[in-house]
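Here it is, the structure, as structure tokens.
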Amino acid sequence: MKNVTRKDIAREAGVSETIVSYVINDNRYVDAQKKKRVLEAVEKLGYRPSPIARALKGKTSNHVLFIADDMMSEYFGIIIGEMEKRLSGKGYIISLSADKGDPSFVKKVLDWNFDGVIIGSRTMEPKSIQSVISSSIPTVLLAINEYPVFEGRYGIIYTGLKGGAIDAINAMNKVGRKKIVYIDSLSDKQVLPTDYRYQGYCEVVKEPLVISGVKTQEELEIKVRELYRKEHFDGVLARTDSVALYAIRALKDLGVRVPEEVSVVGFNNSKMCEYTSPTLSSVRIRQDLIAESALNLLLKLRKEEDGQVLRAELKTELIKRESL
């Protein structure tokens, strides 16, 4: 997707680039008809001012947007906290927003004059992500899913989710677990085949058992009990720690002992893992390194203008506790 320039706007509107600059910067008088043609061309071609150009004019906002799925998540809160520690005293603001799943949300993001956007949403549509990248706002993706290759310059952080899932399954295999179920997050959508956690699970488990497309805790616990009665699985890999704990509760209702009969592993290594009974084994995702990598990539994207896609690769760590 070609980035639209002021030269393109000038050609479309039949005016000079200087007139286009006057209209966009709103710092000179422009004839009403010419101004109307420029604004119509801006809307038609989808022009967005380059953040690099804004920086050269001293018009940086010092404002970074983090787009996530769950604004109440401890996981994303820790990442933002780590980012704020690293930006302390530098005048930056970090805002958290949930993906709204509609084009108007993307338009608002593009209009807000952010100095950078970090996308940590597994539900944000690729076309919406492409729109943000094509706007020339420095953009960093957390690779929760296997994304298509986008056009343009952006950063991407591989956080080790697939490898973390493989490590968790292998650890359960070592304690004799042969029939392991994957439980997705609470959502009305089915598990995505592009989800790296799920990909890691499927790479090791040759006959997958999956619970997904469940919106509430109550529904999920019912599904867990139903599947156990039918399949008598002996292991659970849950997409999050919360989901893992819902599964443990459902199994306890059936009188099934964890870990004696079923091993359970979650993801995120949240604080609750140490305060449950049994304590919960979990795949630790390095939020501190995600924060550091995201800020480093944003800085490189602002300073360098070549077309290279910037990458960072991290690893997870399996924290073994009583539930394994």
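Determine, yes or no, whether Asp241 is more than 23 Å from Ala171 (Cβ to Cβ) and touching a helix residue (DSSP H, G or I) at 6+ places or on another chain (Cβ under 7 Å).
Taking the combined requirement at face value, the residue does not satisfy it.
Let me ask you something else. Kindly indicate whether Tyr154 is under 18 Å from Asn296 (Cα atoms) and not assigned by TED's automatic domain parsing to the domain that holds Phe267.
When the stated conditions are applied, Tyr154 passes them.
Is it the case that some residue within region 296-303 is among the polar types (S, T, N, Q), assigned to a helix (DSSP H, G or I) and out of contact with any Ser or Thr (no Cβ under 9 Å at 6 or more places or on another chain)?
There is at least one residue in region 296-303 that is among the polar types (S, T, N, Q), assigned to a helix (DSSP H, G or I) and out of contact with any Ser or Thr (no Cβ under 9 Å at 6 or more places or on another chain).
Assess whether Arg302 counts as being of a type outside the set (A, V, I, L, M, F, W, C) and within 30 Å of Arg153 (Cα to Cα).
yes
Checking Arg177 against (1) within 22 Å of the chain's Cα centre (by Cα); (2) part of a loop (DSSP other than H, G, I, E, B); (3) surrounded by 13 or more Cβ atoms within 10 Å (Cβ to Cβ): exactly one of these is not met. Which one?
The single condition Arg177 does not satisfy is (1).
Sticking with this structure for a sec: From the list Ile129, Ile118, Ile137, pick out the single residue that is in a helix (DSSP H, G or I) and β-branched (Val, Ile, Thr).
So the residue among Ile129, Ile118, Ile137 that is in a helix (DSSP H, G or I) and β-branched (Val, Ile, Thr) is Ile129.
What pairs can you find where one residue is in region 158-171 and under 26 Å from Ile118 (Cα atoms) and assigned to a helix (DSSP H, G or I), the other is aliphatic (A, V, I, L, M) and at pLDDT 95 or above, and their Cβ atoms are less than 6 Å apart, with a gap of 6+ or different chains?
As it stands, the answer is Gly164/Val283, since those pairs meet every condition given.
In addition: From the set of residues in region 247-285 that are surrounded by fewer than 22 Cβ atoms within 10 Å (Cβ to Cβ) and small (Gly, Ala, Ser), which is farthest from Lys315 (Cα to Cα)?
Gly255
Please work out which residue is nearest to Ala68 (Cα to Cα), limiting yourself to region 137-159 and to residues that are over 11 Å from the mean Cα position of the chain (by Cα) and crowded, with 21+ Cβ neighbours inside 10 Å.
Thr139
Could I ask something else about it? Determine, yes or no, whether Glu218 is modelled with pLDDT under 95 and surrounded by fewer than 16 Cβ atoms within 10 Å (Cβ to Cβ).
In short, no.
The values are calculated or read from the model by the stated rules, or taken from the named source; none is laboratory data. Only a predicted model underlies this, so the values are computations on that prediction, with no experimental measurement involved. Here the Cβ is made from the backbone with ideal geometry for all residues, glycine too, and neighbour counts use every protein chain on show.
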